[in-house]
Amino acid sequence: MKNNHQETDRVRKVSSAEVSHQIDEEIKNTLTSYQGKSKKAINDRIQALEKEWDVERNIEVIAPSLILGGLLLSYFVNKKWLMLPGVVAAFLLQHGLQGWCPPVPLLRAMKIRTKEEIDKEKYALKALRGDFDLLSDQKDAEKAMDAAS
């Protein structure tokens, strides 16, 4: 299986190769399980993928939540809580610049995928569904996964 997207996917680039491989295998297993299923089943899976939160969205929600929590705690409990928003802001800056921050390995270990990984599965499911003329006669999970890479 190809991993061409790895060059442009900042989070995947700095993620553990083992975790990325596990995620790729889960995608492949999902595609294999959808091979031969009805268009409705595939459509339902694609809709579920549309709602899946990627690593970036998780960070975009977690970081400001911790910042606001730290600000509230510093106001109501103790000023020392101001360290929390400072640390989280530094992590957020680091993530923006490098694609990595300390929460990323934890999120990846929880099998939270990147947008590119989610899109790869959606594209491959669309190929299995027969959306692409070139692949319409090749409803094989492995070929769909290669096409999505």
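The values are calculated or read from the model by the stated rules, or taken from the named source; none is laboratory data. Being a predicted model, the structure only gives us computed values, none of them experimental. Don't worry about glycine lacking a Cβ; one is built from the backbone with ideal geometry, like all the others, and counts go over all protein chains shown.
Values as computed for the structure displayed
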| item | result |
| --- | --- |
| Qualifying position, being under 24 Å from the mean Cα position of the chain (by Cα) and at pLDDT below 95, among Leu93, Leu97 | Leu97 |
| Search result, residues across segment 38-49 that are under 13 Å from Tyr123 (Cα atoms) and in contact (Cβ under 8 Å) with a residue 12 or more places away in the chain | Ile42, Asn43, Arg45, Ile46, Leu49 |
| Selected residue (criterion: modelled with the lowest pLDDT) from residues of segment 1-23 that are part of a loop (DSSP other than H, G, I, E, B) and either aliphatic (A, V, I, L, M) or crowded, with 17+ Cβ neighbours inside 10 Å (or both) | Met1 |
| Of all residues making up segment 115-131, the number that are buried (at least 24 other Cβ atoms within 10 Å of the Cβ) and among the aromatic types (Phe, Trp, Tyr) | 0 |
| Flag for Val55 being more than 23 Å from Leu125 (Cα to Cα) and either at pLDDT 95 or above or crowded, with 16+ Cβ neighbours inside 10 Å (or both) | no |
| Number of the condition not met by Thr32 [criteria: (1) surrounded by fewer than 15 Cβ atoms within 10 Å (Cβ to Cβ); (2) under 21 Å from Lys120 (Cα atoms); (3) at pLDDT 95 or above] | (1) |
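Table: residues versus (1) in contact (Cβ under 8 Å) with a residue 40 or more places away in the chain; (2) β-branched (Val, Ile, Thr); (3) farther than 30 Å from Asp131 by Cβ; (4) not assigned by TED's automatic domain parsing to the domain that holds Met145.
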residue: Ser15; (1), (2), (3), (4): yes, no, no, no
residue: Glu26; (1), (2), (3), (4): yes, no, no, no
residue: Gly36; (1), (2), (3), (4): yes, no, no, no
residue: Ile62; (1), (2), (3), (4): yes, yes, yes, yes
residue: Leu84; (1), (2), (3), (4): no, no, yes, yes
residue: Val87; (1), (2), (3), (4): no, yes, yes, yes
residue: Ala90; (1), (2), (3), (4): no, no, yes, yes
